[in-house]
Each structure stands twice: as C-alpha cells, then as structure tokens.
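Let me give you the structure first, and then I'll get to my questions.
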Amino acid sequence: GAGVSQSPRYKVAKRGQDVALRCDPISGHVSLFWYQQALGQGPEFLTYFQNEAQLDKSGLPSDRFFAERPEGSVSTLKIQRTQQEDSAVYLCASSFQSSGDTQYFGPGTRLTVL
Amino acid sequence: KQEVTQIPAALSVPEGENLVLNCSFTDSAIYNLQWFRQDPGKGLTSLLLIQSSQREQTSGRLNASLDKSSGRSTLYIAASQPGDSATYLCAATSQGGSEKLVFGKGTKLTVNP
C-alpha cells in the first residue's frame, strides 16, 4: 500500500512569503505528526494530531507556524512570513493508533528561504 | 525533559564487520524506543520498535536492546554490508504525555567494500 506522501518535495521561498506544506498520511492512520529537521540534526517535534484534534502543538517555534487536519486525514503545515531560520526539512509521520505505535515517515519537504 | 544522545556521531567500518551503535536517554520513564535509518535526502525508515516492557527486538541482521534502568539502547548490526551505509537515529517516546518522538542527532555509518 501507499506510504506517507508529502508535497511539494522542494520549496524555495523568498523571505516574508507564506508557504503551505501538505501531508497525506497512510489511509486509516489516526495519529499524524510534524517534525522539523535542520541539516545534520535529528528531527524535532512540531505538532501532533489525533484524527482532526490537535493535541500537542508545543513544538511550534512561533505563532507564524500553523497546522491543521480538518477532516482527520490530510494535514497542512503553514508558515507565514518565512524567515531564513525556517529553512529545514519538514517531515510528516503517521501511526495507526496512539499509544506509541510505530511512526511511518514521509520523504519530507525541503524548504529553503532566501 | 527527555534528551537523547547518540555516540559515535560517525563510524566507518569494513564490510563484514559486526558493529554496535549506542543511544542514551535521560528520562527512563519511556513508553518505547525506536531505531530508524535515514538515507541522504530521504525520509526515515523504521527499523525496530522496543516497548518499555521488552528487553530486545530482532529483525534479520539487526538486534536492538533496551535497558531502561541505565537509560541505554544499542543497535547491533551483524555482518555489515555497503548497503547498510546510512544515518541511524534512535528516538524515545515518553510516558504520560504526547506521542511525540524525541530524537538523537544520529550516527552516520559508512560500510566500506
């Protein structure tokens, strides 16, 4: 079956532009996660959804970052007024249920802010 | 706050060698621990997940162990192959909170033919 997909794979934005990153989780997966990975670092948690409910957004670095999952399937991570420090790979993961199931990751979106 | 550390940061071995990658975590109240592999420019591939009640998990040439009391996990790779070259990441999920994974910075493994 299809894994987690993300689009676009690469995004170049000028500083100050808004961007939207999409994640399609594995069908039927309840939990969805967003992570940010800087070059040479491990991924860092941004936010977590269980179905359409955003249960944890403690990792979002500022109020310029916003995520939604309105129908409990596809999720969008939006970054407003992008800054150079937002340049990173944004990874989406999904898991079948909660309670620590294996998380399956998408290929990521590489965002470069000029 | 959970912190995960991986040593070494990089490792280079000849093909066929057995090797061990190390992972340590500061909060022993974990729910589970996962090992991932990441190839350049790619996402993460889950290798093994060890629940807090388990001591080890095996998949093919891979064996992961977990010692909660000492805050350590190891990933053992037997008979390494050039195709094993990648960055290996460990990540812990803590009890009683979000389902989020806390990652180490990874160990970059190179297996030379």
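Ranked by Cβ crowding within 10 angstrom, fewest neighbours first, how are A:113, B:4 ordered?
A:113, B:4
Still on this model: Among B:37, A:15, B:72, rank each residue by its count of other Cβ atoms within 10 Å, from fewest to most, as a rough exposure measure.
Sorted ascending by nearby Cβ count, the order is A:15, B:72, B:37.
Based on alpha-carbon centroids, what's the gap between the range A:1-49 and the range B:84-113 in Å, whole number please?
Rounded to whole Å, the Cα centres lie 18 Å apart.
Among B:24, A:58, B:80, what is the fewest-to-most ranking by other Cβ atoms within 10 Å?
In increasing order of surrounding Cβ atoms, one gets A:58, B:24, B:80.
With every atom except the alpha carbons ignored, what do you get for Rg and Dmax of chain B, in angstroms?
13.5, 45
Could you pull out the pairs from A:78/B:68; A:11/B:108; A:78/B:42 whose alpha carbons sit more than 32 Å apart here?
The pairs that break the limit, which is 32 Å between Cα atoms, are A:78/B:68.
Read-outs: derived from the displayed coordinates by stated rules, not from any lab. Computed from a predicted model, the values in this text were never measured in an experiment. Glycine also receives a Cβ, built like all others from the backbone with ideal geometry; neighbour counts cover every protein chain displayed.
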